[in-house]
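A short write-up of the structure that comes next.
Coordinate-derived values only; no laboratory data. Just so it is clear, the model here is predicted, and its values are computed rather than measured. Here the Cβ positions follow ideal geometry from the backbone for every residue, glycine too, while neighbour counts run over all protein chains shown.
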Amino acid sequence: MTTGETSGLSSTGVTLSGSFEGATGTISEVGFRYGTTSGSLGTKAVATGTSSPFSKALTGLTPNTTYYYKAYVIEGGEERLSSQSSFKTKAIATADVTTSAADNLTQTSATLYGSYTDATGTVSRVGFKYGISSGNLTQDVYTDGNSSSFSENITGLIEGKKYYYKAYVVEYNEETGTEYRYGDEMSFTTVSYPNYLGRYEVPAITNLSGSGSTGTNAAKGDRWRRYNTTNANRQIATHSFEHPDSHTWVCNYTILYDQTRYAPLWTAHAMHQSMWPNKKVGRNESWSTDPAIGLTQQSGLDNAGTVGYSRGHLVASNYRQSTVEQNKQTFYYSNQAPQWQDSFNSGVWSSLEEAVASNAPSGSDTLYVVTGVLYEGSITTLKSGSLNVPIPSHFYKCLMLCSFNAQGEMTAASGCAYIFTNEAHNGSYSSGITTINSIETRSGFDFFANVPTSLQNAAENMTDSLW
């Protein structure tokens, strides 16, 4: 009894052949016994007929698997077997590839992750296809090798751009050749740090120096951007947060910080129902230094409460309570200055802040707010650690309410301002009303400079309350 050459070998099938000679008894059956364990051939395949030679096609085999087999004949009721032979089915590409979420996102880079299981062919490469159009992934990054879990850092990306990607492995298919096996397509968007200095609330800025820098503060959900100025003691910074409804990054506020005063000279932000949804997450008091300010001096006003002053917010905590992160960003040291507490910060100033918050518009109107401090006359200081922090003589708030048409063009603007000496006050906040123009004259800043001149000039000379 002998086995012959196999033929028609594929990933799931083969044709076995055998023969016999010298039979003296009656041959009632011929065929093959086979299995995947040597010496344990538990599967029987009966060939057609009883003559020699004979053959049998096997199907439904497992790819890339070694099988052992013997030919047999049943002669006179007794099974006679050949010696054992073997064959191996062809390997095909069967890898199950998984694309995982990207991380380490920056403005221009990201790390992609993938993995695979159940490969029967030889894997020679792992990597990712990616691009800016779904289904058209024209760029490729890869590693030669067969690691079952893999990652690649991609660079040279565009800031604020959505990218699509999918993991792949290159697996050799012995029937058809090299084959790419892909995971599902996923996407990510690179970090965006927009230039917010063109917004309507931001005062005129004419003294920028250099390109500045950007960064994040995960503890406060902050993407910040710093701008240097020609005054080595002053920097401008913007802070942004992820909006809870649109999940886009939105400007929270902008400041001009002066390290000789350990305070912002002004802060600027917008008020609108969509920017300040009625979610009221509460006050998340987590004072810390501002990473967007690269100057060496920031003060936490550690001793303020012992002498009647408090850390007076310029961008009020109750202006920014749509998310915990949005609120936490108001607790940077760069957003406060020494403010008399009793009957000022806790009195008329608090009432003014509440009025601004409760009158945040919706629809096509937006309220733009600039809050700042003045240092007029003889300035005293407040001890804070080793620092002597100048105490502002005045706090002011400039307001401009603007309307827009369906095309986004500004159609109307009205304004007013409030200013108070930094001391106890009786009565209503309305006693401090004045014009925006008068505070521009005293501060030296040009507020709402990006508002069209035809609307800006009239609004800055109004003294009527906006509500």
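Distance from the alpha carbon centroid of segment 174-241 to that of segment 142-171 works out to 22 angstrom. Take every pair of alpha-carbon atoms less than 8 Å apart whose residues are at least six positions apart; their mean separation over the length of segment 2-88 yields a relative contact order of 33 percent.
With 27 Å as the limit on Cα-Cα distance, the pairs of K280/K397; K129/K161; K161/K280 that go past it are K161/K280. With K and R counted +1 and D and E -1, the other residues having a Cβ less than 10 Å from that of T120 yield a net charge of -2.
Pairs of Cα atoms nearer than 8 Å and 6+ residues apart set the relative contact order; for the chain it is 9 percent.
Here is how the number arises for the chain: DSSP H runs of 4 or more residues each give -39500 (n - 2.57), the sum is divided by the residue count, and the result at 222 nm is -1500 deg cm²/dmol. Explain nothing, just the number: dipole magnitude of segment 2-88 about its Cα centre with +1 on each Lys and Arg Cβ and -1 on each Asp and Glu Cβ, in debye rounded to the nearest 20. Dipole of segment 2-88, to the nearest 20 debye: 300 debye.
Each of G183, Y130, V169 was scored by the projection of its Cα onto the charge dipole of segment 96-189, and the greatest displacement toward the positive side belongs to Y130; charges sit on the C-beta of Lys, Arg, Asp and Glu. Distance between the C-alpha centres of segment 243-308 and segment 70-105: 67 Å, rounded to the whole angstrom.
For segment 196-459, a simple Cβ point-charge model (Lys and Arg +1, Asp and Glu -1, everything else neutral) yields a dipole of about 400 debye relative to the Cα centre. Phi-derived couplings, Karplus 6.51 cos²θ - 1.76 cosθ + 1.60 at θ = phi - 60°, listed residue by residue for segment 64-80: 6, 10, 7, 10, 10, 8, 9, 7, 9, 9, 10, 10, x, x, 10, 7, 10 Hz, with x used for Gly and Pro. Between (1) 25.3, 87; (2) 25.3, 101; (3) 38.2, 129, which entry matches Rg and Dmax of the Cα atoms in Å as derived from the coordinates of this structure? For Rg and Dmax of the Cα atoms in Å, the calculated option is (3). Legend: calculated FRET efficiency, E175 to S51, from the Cβ-Cβ distance at R0 = 25 Å, rounded to 0.05, equals 0.15. Between S428, G145, A459, the Cα set farthest toward the positive side of the dipole of the chain (charges on each charged residue's Cβ, about the Cα centre) is that of S428.
Here the contact order of segment 68-139, divided by its residue count and restricted to Cα pairs under 8 Å and six or more residues apart, works out to 21 percent.
Run the reach check for K88 against lysines, Cα to Cα strictly under 25 Å, same-chain hits fewer than 8 apart removed. What comes back? Hits, sequence-local ones excluded: K44, K56, K70. For the peptides 166-175, 30-39, the ranking by mean Cβ contacts within 10 Å, running from highest to lowest, is 166-175, 30-39.
Charging the Cβ of each Asp and Glu at -1 and of each Lys and Arg at +1, and nothing else, the dipole of the chain about its Cα centre rounds to 440 debye.
The string of couplings for segment 236-243 from the Karplus curve (6.51, -1.76, 1.60, θ = phi - 60°) is 9, 9, 10, 10, 9, 9, 8, 5 Hz, one whole number per residue in order, with x for Gly and Pro.
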